[in-house]
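The structure appears below as structure tokens.
The values are calculated or read from the model by the stated rules, or taken from the named source; none is laboratory data. These figures come from a predicted structure and were not determined experimentally. Cβ atoms come from the backbone with ideal geometry, glycine included; neighbour counts cover every protein chain shown. For accessibility, only protein heavy atoms count, side chains too; no ligands or nucleic acids. Shrake-Rupley method; radii C 1.70, N 1.55, O 1.52, S 1.80 Å.
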Amino acid sequence: MVSETKINCNVEFFGLSPEMTDLYDAEVEIKDGAGLPELIAALRRKVPTLEGQVIMPDKDMLQEGFAFNINGEFHFEDEEVHVGKWDRVVLILLSAGG
């Protein structure tokens, strides 16, 4: 369930090239319990260079070959996953391993 409470979610980056972003992570503000589309939209706003390379243009979906690892499990944007305050979130290029 998504609450109206806002949380800061730190998203670590793994396997992304410097052309995509030279950051190791980004902190985004989302609603507690937000789904992956909301997380992706927040990432697009915070790190615009991800759009087109990692995030589909004008869509809250990841490009093929990318996924989120949340608390040790891989997730894709079409799943019913909700991100909470204490979740460890990693955006990963799947070919980079992990």
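Observations
- Options (1) 1.18; (2) 1.08; (3) 0.97 - which one matches Cα Rg over 2.2 N^0.38 Å as calculated here: (3)
- Portion, in percent, of the accessible area of the chain that falls on carbon or sulfur, probe 1.4 Å: 51 percent
- When only Cα pairs below 8 angstrom with a gap of at least 6 residues are kept, the chain shows a relative contact order of 34 percent.
- FRET efficiency for the pair ALA96 and GLU4, taken as 1/(1 + (r/R0)^6) with r the Cβ-Cβ distance and R0 = 30 Å, rounds to 0.25.
- Taking 18 Å as the straight-line reach from the Cα of LYS6, the aspartates and glutamates in range (excluding those fewer than 8 positions away in the same chain) are GLU27, GLU29, ASP32, GLU38, ASP87.
- Excluding ligands, DNA and RNA, the accessible surface per residue across the chain is 58 Å² with a 1.4 Å probe.
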